[in-house]
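**Student:** Attaching a single structure in C-alpha cells format; questions to follow.
The values are calculated or read from the model by the stated rules, or taken from the named source; none is laboratory data. Computed from a prediction, not measured in an experiment: that's the story for all the values here. All Cβ positions, glycine included, derive from the backbone under ideal geometry; neighbour counts span all protein chains shown. When the accessible area is computed, the model is the full protein with side chains, heavy atoms only, and any ligands, DNA or RNA have been set aside. Shrake-Rupley method; radii C 1.70, N 1.55, O 1.52, S 1.80 Å.
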Amino acid sequence: VQLQASGGGSVQAGGSLRLSCKAVGINFRIADMGWYRQPPGKERELVARITDGGSTNYVDVVKGRFIVSRDVARRMVYLQMNSLKPEDTAIYYCHTVRGGRSFWGQGTQVTVSS
C-alpha cells in the first residue's frame, strides 16, 4: 500500500489550497480515507475523514472551511482547504487502515502566514 500526497505550499491567511492523495495497492472502493495534520510541536490529529460510502466528518475547527472528497476512478482523495488560518499550519498526511494496519502518506507541508 502506498499513499502519495501532494499539494501543500505557503499561502496567506484567507487563502486556499487543495491537497491530493493517490492510493496505490489497495481496493480503494472499500477504503475509508482520512486526512491528519501535525502542527509544529504538537501531536498528529485527525482533520477529516471520508468513508467508502462517501460519508464525511470533520474536526470542529475546520468545519465549514475544509471539504474532503474522493474520486474512485482515479483512486484519489482530496482535501480542499478554504479560509486558511495561521493555526492551520502543519504537515498534512493522508491515511487509511487495511487489514488492521495503518498506512500513511509521506506528508505535505502547509504554511499559512498572517
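**Student:** Output the number of residues of segment 38-49 satisfying the condition of being farther than 20 Å from residue 78 by Cβ and open to solvent by less than 40 Å² (accessible area, probe 1.4 Å).
**Tutor:** Looking only at that region, the number is 1.
**Student:** If you take the residues in segment 18-37 that are in contact (Cβ under 8 Å) with a residue 24 or more places away in the chain and open to solvent by 30 Å² or more (accessible area, probe 1.4 Å), which one is nearest to residue 96 (Cα to Cα)?
**Tutor:** 32
**Student:** A further question follows. Within segment 83-110, take every residue that is of a type outside the set (D, E, K, R), in contact with a strand residue (DSSP E or B) (Cβ under 8 Å, 6 or more places away or on another chain) and open to solvent by 50 Å² or more (accessible area, probe 1.4 Å) and give me the one that is farthest from residue 22 (Cα to Cα).
**Tutor:** Top of the filtered list is 86.
**Student:** Can you tell me which residue is nearest to residue 114 (Cα to Cα) among those in segment 78-104 that are at pLDDT below 95 and of a type in the set (Gly, Ala, Ser)?
**Tutor:** Checking each candidate, the answer is 102.
**Student:** Based on what the data block shows, is residue 80 open to solvent by 20 Å² or more (accessible area, probe 1.4 Å), closer than 17 Å to residue 4 by Cβ, touching a residue at least 12 places away in the same chain (Cβ under 8 Å) and part of a strand (DSSP E or B)?
**Tutor:** Judged against the criteria, residue 80 is not a match.
**Student:** In segment 98-114, which residues are over 10 Å from the mean Cα position of the chain (by Cα) and either under 13 Å from residue 36 (Cα atoms) or outside any strand (DSSP E or B) (or both)?
**Tutor:** 99, 100, 102, 103, 104, 106, 109, 110, 114, listed by residue number.
**Student:** All but one of (1) of a type in the set (Gly, Ala, Ser); (2) on the phi > 0 side of the Ramachandran plot; (3) in a strand (DSSP E or B) hold for residue 14; state the number of the condition that does not hold.
**Tutor:** Every condition holds for residue 14 apart from (3).
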